[in-house]
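Report on one structure; see the data block that follows.
Only the coordinates and a few stated rules stand behind these numbers; no lab work does. What you see is a predicted model; the values in this text were computed from it and never measured. Using ideal geometry, Cβ is built from the backbone for each residue, glycine included, and neighbour counts are taken over all protein chains shown.
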Amino acid sequence: MENYFFIDGNVTSPLGFTANGVSAGVKAYTNAAAGIADEPIEGVKSGKRDLAMIYCEKQCSAAAIFTKNLVKSDTIYVTQKHLQNGRAQAVIVNSGNANACNPDGYDKAEAMCKLAAVALGVAEDDVIVASTGVIGQALPIEPIQKGVDELKNILSRDGGTNAAEAIMTTDTVKKQWAVQLTLDGKTVTIGGIAKGSGMIHINMGTTLSFVTTDAAISAEMLKSALVEAADVSYNMVSVDGDTSTNDTLAVMASGLAGNTEITEKNDDYYKFTEALTAGFKKVAKMLAADGEGATKLVICKVDGAKDEAAAKTIAKSVICSSLVKAAMFGADANCGRILCAIGYSGAEVNPKKIDVSYKSAKGEILVCKDGFGLSFDEDKAKEILLESEIDIIINLADGAGTAEAYGCDLTYDYVKINGDYRT
């Protein structure tokens, strides 16, 4: 039985947290400085929210994990430094400019933290900072300064949705969620917002995600739960095979729910981690479904692998295959592409035991049995694959390992979006 349930909410659902997002004009100033567009007119904003702030009324336990890309935004180095003590109280994040690969990137990231700290009356090293957007262009501080001055006056329990919008880039929908559970007789809430649509690959791939909770939990246990939950959710998503320079998944815990603090891996820890994982898997599906140009969410479900590691490797290989993704776009039930991706995954499998089927709201069809392609009803298969959510189900009959990976189809629009991303 599940120990949690989803509610309508986001980062401001847990006790102690407020947030909001404003239109600061970060991309307009960035493009003007790069000569891509005319100078922005004073006082004219882009119309889209592009600067967000999350604040807690008290200092929190905090933890984060980041991109595995060796080329990183300086926001990551600043946030890593600030989280060395496992504490934080606020988040400042902009979209429209990644603040990556810039000679003054570190100074700009620190400047963002200082602006937030002064506005909120908190310590500078209690601020988490993040950026997302175009890489390799200088981050303008002027619009962020103005945006922070505006934000500090409008932080509220109702501002979480605006914050979710402010971190979007090519996203077409806001990603937000909240879940509740009972720990030590107290109601505990976990909420989050995320962004991500393209440049998304295993090991977090251009996602920014900010999570809050009112659970009382130590920074050490919070980091452990974060890693465990991300390993089977965020790290199982791929849209296009590109891992970003800016990926940040950060969590703050206020402790205001009043439960006995979780300081070891006890029953409450596992209940908390289970609920956190459920929230992350919900977001993982949102990220994949909203892949740049995507029309379909594709979930690869592997069963019967030698172990969990093999199942993960195979599921990732299938979901990352450009040929599989293109076949899903064309509603082509080509099992050869699935078998090919399994074969080059690097996992140990017996090709003579592989079964493959496709499933959606329109039904399920077996297309491969014991490693051999089957004759099947092509019209039925196409009907199944024309749905907006498709499961690729693989049974390896070789052990107890299971895993899921989350991806999308590859469409013409993906190329269009990324062909002129800067403008």
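Taking 31 Å as the cut-off for C-alpha to C-alpha distance, list the pairs among K48/K281; K152/K416; K27/K285; K68/K359; K281/K362; K114/K271 that go past it.
Values: K48/K281 27 Å; K152/K416 38 Å; K27/K285 28 Å; K68/K359 33 Å; K281/K362 23 Å; K114/K271 36 Å.
Cα-Cα > 31 Å for K152/K416; K68/K359; K114/K271; rest within.
Stretch L386-D307 to full length: gain in nm at 0.36 nm per residue minus the Cα-Cα span? Don't skip to the end; give the middle numbers.
Details: separation 79, 0.36 × 79 = 28.44 nm, distance 3.21 nm.
Separation in residues times 0.36 nm, less the Cα-Cα distance, equals 25.2 nm.
Using the Karplus curve 6.51 cos²θ - 1.76 cosθ + 1.60 with θ = phi - 60°, what ³J(HN,Hα) values do you get for each residue of the range 63-70, in whole Hz, with x for Gly and Pro?
Once θ is set to phi - 60°, the couplings for the range 63-70 become 7, 7, 10, 9, 4, 8, 5, 6 Hz.
Long-range amide H contacts for I354: which residues qualify at under 5 Å (H placed 1.01 Å from N, peptide plane, sequence gap of 5 or more or a different chain)?
D370, G371
Over the chain, with a Gaussian network built from C-alpha contacts below 10 Å, which listed residue (G191, G47, G373) shows the highest mean-square fluctuation?
G47
From the gyration tensor of the Cα coordinates in the chain, what semi-axes in whole Å does the equivalent ellipsoid have, largest first, with each one equal to sqrt(5λ)? Present the calculation step by step, with values, prior to reporting the outcome.
Numbers: eigenvalues 284, 141, 59 Å².
Each semi-axis is the square root of five times an eigenvalue, giving 38, 27, 17 Å.
Taking the beta-carbon count within 10 Å as an exposure proxy, list D307, D370, D247 from fewest neighbours to most.
On the way: D307 16, D370 12, D247 28.
Taking fewest neighbouring Cβ atoms as first place, the list is D370, D307, D247.
With no solvent and one point on each alpha carbon, what is the Debye value of log10 I(q)/I(0) for the range 240-313 at q = 0.14, 0.22, 0.25, 0.26 Å⁻¹?
-0.76, -1.19, -1.26, -1.28
Looking at the range 76-211 from every direction and averaging, what is the projected area of its Cα convex hull in nm²?
Details: hull surface 38.2 nm².
Across all orientations, the range 76-211 yields a mean hull projection of 9.5 nm².
Count the net charge of all other residues whose Cβ sits under 14 Å from the Cβ of I354, scoring Lys and Arg as +1 and Asp and Glu as -1. Don't skip to the end; give the middle numbers.
On the way: positive: K301, K306, R337, K352, K353, K369; negative: D303, E348, D355, D370, D398.
That works out to +1.
Give the distance, in whole Å, between the Cα centre of the range 304-373 and the Cα centre of the range 97-135.
43
Top mean-square fluctuation among V298, V71, V237, Gaussian network model of the chain, C-alpha springs under 10 Å?
Judging by the Gaussian network model, the answer is V71.
Among L51, A284, G371, which residue has its Cα furthest toward the positive end of the charge dipole of the chain, with +1 on Lys/Arg Cβ and -1 on Asp/Glu Cβ?
Highest projection toward the positive end goes to G371.
Are there cysteines in the chain with no other Cys C-beta under 4.7 Å, and if so, which?
C56, C60, C101, C113, C300, C320, C340, C408
Of K114, K175, how do they rank once you tally other Cβ atoms within 10 Å and put the fewest first? Can you show the working numbers first?
On the way: K114 15, K175 26.
Ranking K114, K175 by Cβ neighbours within 10 Å, fewest first, gives K114, K175.
For the chain, what are the DSSP H helices with axial Cα length of 27 Å or more and mean Kyte-Doolittle hydropathy of at least -1.0? Provide the component values of the computation, followed by the final result.
On the way: long enough: 267-289 (33 Å, -0.10).
Once both thresholds are applied, what remains is 267-289.
Using the count of nearby Cβ atoms within 10 Å as a rough guide to exposure, how do Y29, Y269 rank from fewest to most? Intermediate values should be presented prior to the final figure.
Numbers: Y29 23, Y269 20.
Ascending Cβ contact count within 10 Å gives the list Y269, Y29.
Sorted from largest down, give the three principal axis spans of the alpha carbons of the range 299-352, whole angstrom values.
32, 21, 16
I want to verify the translational diffusion coefficient of the range 297-419 in µm²/s; compute it with Stokes-Einstein, Rh as the Kirkwood radius over Cα pairs, at 25 °C and 0.890 mPa s.
On the way: Rh = 14.3 Å.
Using the Kirkwood radius from Cα pairs, D works out to 172 µm²/s.
How much of the DSSP bridge set in the chain is antiparallel, in percent, rounded to the nearest 5? Numbers along the way, then the final one.
Values: 59 of 79 bridges.
Of the beta bridges lying entirely in the chain, close to 75 percent run antiparallel.
Determine ³J(HN,Hα), in whole Hz, for all residues of the range 392-399 in sequence, where each value follows from phi through the Karplus function 6.51 cos²θ - 1.76 cosθ + 1.60 and θ = phi - 60°; x replaces Gly and Pro.
Values, residue by residue: 9, 9, 10, 10, 9, 6, 9, x Hz.
Which whole-number percent gives the relative contact order of the range 4-289, counting Cα pairs below 8 Å spaced six or more residues apart?
25
May I ask you to evaluate 6.51 cos²θ - 1.76 cosθ + 1.60, the Karplus curve with θ = phi - 60°, for each residue of the range 93-101 and list the ³J(HN,Hα) values in order in whole Hz, giving x for glycine and proline?
Here the 3J(HN,Hα) series is 8, 10, 10, x, 7, 7, 6, 10, 6 Hz.
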